[in-house]
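The values are calculated or read from the model by the stated rules, or taken from the named source; none is laboratory data. Keep in mind that this is a model prediction, so the values were computed, not measured. Quick reminder, even Gly has a Cβ in these numbers, built from the backbone with ideal geometry, and neighbours come from all protein chains shown.
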Amino acid sequence: MTAGAHDRILIAGVGNLLHGDDGFGIEVAKRLMQLSDLPAGVMVVETGIGGMSLVQELMSGYAALILIDTVQRGSPPGTLHRLEPVLPDLSGLSVHELRDYFADTHYATPMRVLSLLERLDRLPPVLRIIGCEPARCEDLHIGLNAEVAAAVDEAVEMVKVWAHELATAAIVPGHGSR
């Protein structure tokens with residue numbers, strides 16, 4: 001980690017605005033960018049579906065990452081989930097299998113991006129995800145459905161609470177939780 005990275009927190013909204021509710025993370029990030037009451041050292045980005053932009057940002061070193069995305073867990077649309085990701089164990093993969101796994105990071109899922117960062121030893125020690133159950137995100141459709149749109153304000157508040165908790169918790173690299 002770079003100097004000062006021990007107290008930096010990245011909040012990243014991911015998704016695809018052209019797939020309806022999949023734009024949830026982007027909408028939350030846009031709202032967060034308009035706030036002035038986030039703690040010092042917090043940066044908010046929206047990466048769309050471009051996984052490499054998230055990798056490049058995290059290469060500079062952060063103590064924590066909060067991802068905002070849609071997650072399908074079988075709950076009613078608009079349900080918010082607080083998650084801590086569990087990354088796949090890639091240690092048994094051959095060089096060719098790893099290449100195939102990371103072949104297209106431009107459209108990578110957040111889990112592949114996190115796995116790549118782990119392989120590069122640039123994964124923040126604290127990872128959190130706020131996921132929203134989508135109603136519709138497979139077909140081309142612009143705009144969030146009513147249930148998902150109604151969850152945006154609650155997600156913004158959840159992210160703010162987490163950001164303040166992390167900022168005041170004196171995050172120490174290597175002592176966070178995953």
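A few comments on the model shown:
- The number of residues in region 115-130 that are more than 23 Å from F102 (Cα to Cα) and either out of contact with any Leu (no Cβ under 7 Å at 6 or more places or on another chain) or not aliphatic (A, V, I, L, M) (or both) comes to 0.
- Candidates E138, E46, E133 - the one that is among the acidic types (D, E) and either over 18 Å from G20 (Cβ atoms) or surrounded by fewer than 21 Cβ atoms within 10 Å (Cβ to Cβ) (or both): E138
- Residues in region 141-151 that are closer than 26 Å to L35 by Cβ and surrounded by fewer than 20 Cβ atoms within 10 Å (Cβ to Cβ): I142, G143, N145, A146, E147, A149, A150.
- Given (1) in contact with a helix residue (DSSP H, G or I) (Cβ under 6 Å, 6 or more places away or on another chain); (2) buried (at least 18 other Cβ atoms within 10 Å of the Cβ); (3) farther than 19 Å from G74 by Cα, number of the condition L127 does not satisfy: (1)
- Taking residues in region 138-153 that are under 17 Å from G13 (Cα atoms), and partners anywhere that are part of a helix (DSSP H, G or I) and of a type in the set (D, E, K, R), the pairs with Cβ atoms closer than 8 Å and at least 6 places apart or on different chains are L144/D21; L144/E27; V148/D21; A149/E27; V152/E27; V152/R31; D153/R31.
To keep it simple, each residue is scored yes or no on (1) at pLDDT 85 or above; (2) more than 30 Å from A169 (Cα to Cα).
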| site | (1), (2) |
| --- | --- |
| E46 | yes, no |
| L67 | yes, no |
| G78 | yes, no |
| S94 | no, yes |
| V113 | no, no |
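- Region 29-129 holds strands (runs of 3 or more DSSP E) entirely within its bounds, and those carrying 1 or more residues that are in contact with a Gly (Cβ under 6 Å, 6 or more places away or on another chain) and not acidic (D, E) map to 64-70, 80-83.
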